[in-house]
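Below is one structure; the comments refer to it alone.
Just so you know, all these numbers are worked out from the coordinates, no wet-lab data involved. Quick caveat, the model's predicted, so the values are computed rather than measured. Cβ placement follows ideal geometry from the backbone for every residue including glycine, while neighbour counts extend to all protein chains displayed.
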Amino acid sequence: DGLNELFTVVTGSGAGSTRVSADLVAGGDVISFASSPDGRRLAYTSMATRTQQIWTVPIEDRGGELHAGTPERFLESQFVDTQPAFSPDGRWLAYVSNESGTEEVYVRPFPPPASGQGSRWQISNTGGRAPLWSRSGRELMYQAGDQIMAVSYAASGDAFVANRPRVWIAALGTSSSLLGGWDLAPDGKRVLVVTPVGGADPTKAEHHVVF
């Protein structure tokens, strides 16, 4: 029947938590996924196509169990597009693309307008990956080498205005290209970083968590 990737998400904690298990992709792998703020949609990167591409899928609660709907292509692209991240209000999707020849962070409206893919804004300017949105303010962060960059922004209607990136954390202690190698605390004051310890291959090495 081919290779199926089982995509499982658990919402809540302890008793009464809701679970979803759904075959979203046949014949390929799913990586770097994100949930919308309301929990009703997932964005993920599929490796089933010629290049890594971003898809989204609606999630429906049916009697305490979540079920995935029909996956939808977020962006028609010939480039590698990955690492999606929803804004706190769910109206924007940050992602990483190599369309310029270098991995950079971009933002597009979500959902895409019915007339097409809509506008897109480049956020990073010297390379970037693993974007995360601050939930405590209007900032978008991303990893650039061993630094965390921050970009303040303003959004009104269909317009997204991003300021110049600035260094937020000067050194993470790793320049690893691990997907999802860091996370931001809800209050935006601390970060969690996964760093490889020993070994040439960071995907196979032991990892420590650094606060």
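Mind checking the full-extension length gain between residue 154 and residue 99? Use 0.36 nm per residue of separation minus the Cα-Cα distance, one decimal, nm. Walk me through the intermediate numbers first.
On the way: separation 55, 0.36 × 55 = 19.80 nm, distance 2.43 nm.
Result for the pair: 17.4 nm of gain on full extension.
From the phi angles alone, apply the Karplus equation (6.51, -1.76, 1.60; θ = phi - 60°) to the range 186-191 and give each ³J(HN,Hα) in whole Hz, x where the residue is Gly or Pro.
Residue by residue, the range 186-191 yields x, 7, x, 9, 9, 10 Hz.
Under 5 Å between amide hydrogens, which residues at least 5 positions from residue 74 or on another chain qualify, with H placed 1.01 Å from N in the peptide plane?
54, 55, 56
Apply the Karplus parameterisation 6.51 cos²θ - 1.76 cosθ + 1.60, with θ equal to phi minus 60°, to every residue of the range 123-128 and state each ³J(HN,Hα) to the nearest whole Hz, in sequence, with x for glycine and proline.
My calculation for the range 123-128 gives 9, 8, 9, 9, x, x Hz in order.
Measuring from centroid to centroid over Cα atoms, what is the spacing of the range 99-167 and the range 73-93 in Å?
Going from one Cα centre to the other spans 10 Å.
Could you sort the peptides 129-140, 151-162, 62-73 by per-residue average Cβ neighbour count (10 Å cutoff), highest mean leading?
Numbers: 129-140: 19.2, 151-162: 13.8, 62-73: 12.2.
Going by the mean number of other Cβ atoms within 10 Å, highest first, we get 129-140, 151-162, 62-73.
Can you tell me the length gained on complete extension of the stretch residue 189 to residue 35, counting 0.36 nm per residue apart and subtracting the Cα distance? Display every interim value, and only then the final one.
Values: separation 154, 0.36 × 154 = 55.44 nm, distance 2.17 nm.
The residue 189-residue 35 span can extend by a further 53.3 nm.
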